[in-house]
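The structure under discussion appears below in the form of structure tokens.
Read the figures in this text as sums done on the coordinates, not as results from a lab. These numbers come from a predicted model, not from an experiment. Don't worry about glycine lacking a Cβ; one is built from the backbone with ideal geometry, like all the others, and counts go over all protein chains shown.
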Ligand SMILES: N=c1c2ncn([C@@H]3O[C@H](COP(=O)(O)OP(=O)(O)OP(=O)(O)O)[C@@H](O)[C@H]3O)c2ncn1[C@@H]1O[C@H](COP(=O)(O)O)[C@@H](O)[C@H]1O
């Protein structure tokens, strides 16, 4: 999947300097980031509407449009696909660690050595990780 997105991204970069009369990408990019963001949002809404309608084939088609418009916006902002992959890997690692952390505070022995009361151990990082749905 990352290969096809990277190919698409390179095609977008190559198209942005073409004649806007011949290339829709060049035309879209000449219209500025506001227009690109609008196209991206429209495609996202179309994906959502088709999903609610249960039209899986339409979701596939609109997803391809959505990814194209995302690639256009990345190109405009000089974001490379690798930047996004790196962030995804960072989260994968972080959430992988989160899965190994206890879900609730771990109770230690009520009385430690010398009769000192133990306190629950709470994984500090656990608090900063939000669950995604
Ligand atoms: N992969 C895509 C691609 N996917 C989706 N789209 C755009 O998504 C829109 C989907 O078609 P619709 O008929 O739904 O469009 P629309 O929203 O009604 O029409 P517009 O508002 O865009 O005119 C098209 O207008 C395209 O602008 C794409 N446009 C270009 N590419 C690739 O981008 C590269 C550059 O292509 P050019 O833009 O033709 O130079 C090439 O590799 C193309 O294959």
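How big is the Rg/Rh ratio for region 8-58, C-alpha atoms only, Rh by Kirkwood, two decimals?
Details: Rg = 13.8 Å, Rh = 12.4 Å.
Taking Rg over the Kirkwood Rh, I get 1.12.
Just to verify a number: FRET efficiency for residue 76 and residue 49, C-beta to C-beta distance, R0 = 35 Å, to 0.05? Write down the numbers at each step before the final one.
On the way: r = 26 Å, r/R0 = 0.73.
Efficiency at R0 = 35 Å is approximately 0.85.
Under 18 Å from a point 7 Å along the Cα-to-Cβ line of residue 10: which residues of region 34-72 have their amide N that close?
Label zone hits: 68, 71-72.
Where does region 2-103 land on the Kirkwood hydrodynamic radius, alpha-carbon pairs, in angstrom? Walk me through the intermediate numbers first.
On the way: mean 1/r = 0.0653 Å⁻¹.
Result for region 2-103, one decimal place: 15.3 Å.
Exposure proxy check: 72, 12 ranked by fewest other beta carbons within 10 Å? The partial results should precede the final answer.
Working: 72 26, 12 23.
The most exposed by this proxy come first: 12, 72.
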